[in-house]
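The values are calculated or read from the model by the stated rules, or taken from the named source; none is laboratory data. This one's a predicted model, so the numbers in the text were calculated from it and none came from an experiment. Note that each Cβ is placed from the backbone with ideal geometry, even for glycine, and that neighbours are counted across all protein chains shown.
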Amino acid sequence: MTQRTLRIEMRALAAAAALCATVLGSAPASAAEPREELRAGFDLALKGKKVAWAPVWLGVLESEWTRNMKAHFDDYGMQLIVRDANFKSDVQLQAVSELINEKPDVLIVQNPNVTLLARELKRAMDAGIYVIQVNMASNQLTDAYVGVDARDMGRRLAKDMVAECGGTKGSGQISILEGEATAAYSLDMKRGAMEVFGADKSIKVVSSQPTNWDANKAGEITATVLQQNPNLCGILSVWGPQAAGAAQAIKAAGKTGKTKIWVASDGQPADCDLLEQGSFYKNLSYRADTQGEAIVAAAIGLIQGKDKAGSKRLAFYTTPYWVTGKSDRQYCFVVPKVAAK
């Protein structure tokens, strides 16, 4: 090999090495560009957007939803407006009407019953506002529903109760503690339960009454039902907190361990406490904190999707889990200390 040829090959190798270094050095930056574009598009779509939230009231469940929403929306540069109706239907209706006039990008509601907000929800979508309903739906379908399949929960609870109280295992006598008489959550859960109870001849539903979500009312109903049906085997409560009153009535009647309570729980810590104390027999629980995450996902998905308001019918159903003891504590959420204050 001549010296001239060697110099030419060395130059070629040097050029190739330089080109390789250039390509390798620029590869990470080029690969990162699509990801940077994705985040830039996300920020552009969400920053400055306004979300309005109108719950029935700011109880433990609703406060947990709110905490999750605020944490995420704040992080995304979005504004969250909250109007607490404090369990007053007329106040909530007025609040929703006023919020629509303020033209938020997304309206999130918790319906007290199937009819109260129906017209306003349609008006919101007609005005170009995305509408999300949470856990208690209206007769008016909207862009998204986030919550439990209440009818399915009713069936699951009833099947477990039949296995414990039906046939020759128990008296077959069942009582149902409803929530608000015209709330979709309560109506659908009762319907699901009755499908199961009605198919078993050994089961007799001796009482099914609304409590209006009130523990004191549930206690009064249960005390009367126990007087009339001393062999009552089980109580199905569509919501955990109201069943605390039923547990007290059972204890006062000396029926603890004989009359058992099954509850549909939103995962409040108190529901797990009562179960571990023996006041509840079983909880079919969904966690409000994970529901809060799903509400956020629905809101940012609708905004980024850019579809016309009212053109979608999305559903985000929450999976419930059985809580039978301390080992299932993970199915009740923990209220953060800051939120608890």
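Data overview
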item	result
Pair list, Cβ < 8 Å and 6+ apart or interchain, from segment 173-193 residues that are over 24 Å from Ser89 (Cα atoms) and assigned by TED's automatic domain parsing to the domain that holds Asn216 to residues that are of a type in the set (Phe, Trp, Tyr) and modelled with pLDDT of 95 or more	Ile174/Phe197
Qualifying residue in segment 328-335 (condition: in contact with a strand residue (DSSP E or B) (Cβ under 6 Å, 6 or more places away or on another chain), assigned to a helix (DSSP H, G or I) and either within 29 Å of Ala144 (Cα to Cα) or in contact (Cβ under 8 Å) with a residue 60 or more places away in the chain (or both))	yes
Filtered residues of segment 51-101 (kept if of a type in the set (D, E, K, R) and under 19 Å from the mean Cα position of the chain (by Cα))	Glu62, Glu64, Arg67, Lys70, Arg83, Asp84
Pair list, Cβ < 7 Å and 6+ apart or interchain, from segment 301-326 residues that are within 16 Å of Leu46 (Cα to Cα) and β-branched (Val, Ile, Thr) to residues that are modelled with pLDDT of 95 or more and not in a strand (DSSP E or B)	Ile303/Ala45; Ile303/Leu46; Ile303/Lys49; Ile303/Asp105
Count of segment 287-299 residues which are within 12 Å of Val134 (Cβ to Cβ) and either at pLDDT 95 or above or of a type in the set (Val, Ile, Thr) (or both)	7
Strands (runs of 3 or more DSSP E) wholly inside segment 123-219 that include at least 2 residues being crowded, with 23+ Cβ neighbours inside 10 Å, at pLDDT 95 or above and within 21 Å of the chain's Cα centre (by Cα)	130-134, 144-147, 173-178
Which listed residue is within 15 Å of the chain's Cα centre (by Cα), part of a helix (DSSP H, G or I) and of a type outside the set (Lys, Arg), from Thr290, Thr319	Thr290
Members of segment 293-316 that are farther than 12 Å from Val146 by Cα and either among the small types (Gly, Ala, Ser) or part of a strand (DSSP E or B) (or both)	Gly301, Gly305, Ala309, Gly310, Ser311
Enumeration of residues in segment 222-241 that are within 26 Å of Gln268 (Cα to Cα), surrounded by 24 or more Cβ atoms within 10 Å (Cβ to Cβ) and touching a residue at least 60 places away in the same chain (Cβ under 8 Å)	Gly234, Ile235, Leu236, Ser237, Val238, Trp239
Considering residues of segment 76-114 that are charged (D, E, K, R) and outside any helix (DSSP H, G or I) only, the residue nearest to Val296 (Cα to Cα)	Asp105
Residue that is in contact with a helix residue (DSSP H, G or I) (Cβ under 9 Å, 6 or more places away or on another chain) and under 30 Å from Ala124 (Cα atoms), where the choices are Ala309, Ala298	Ala309
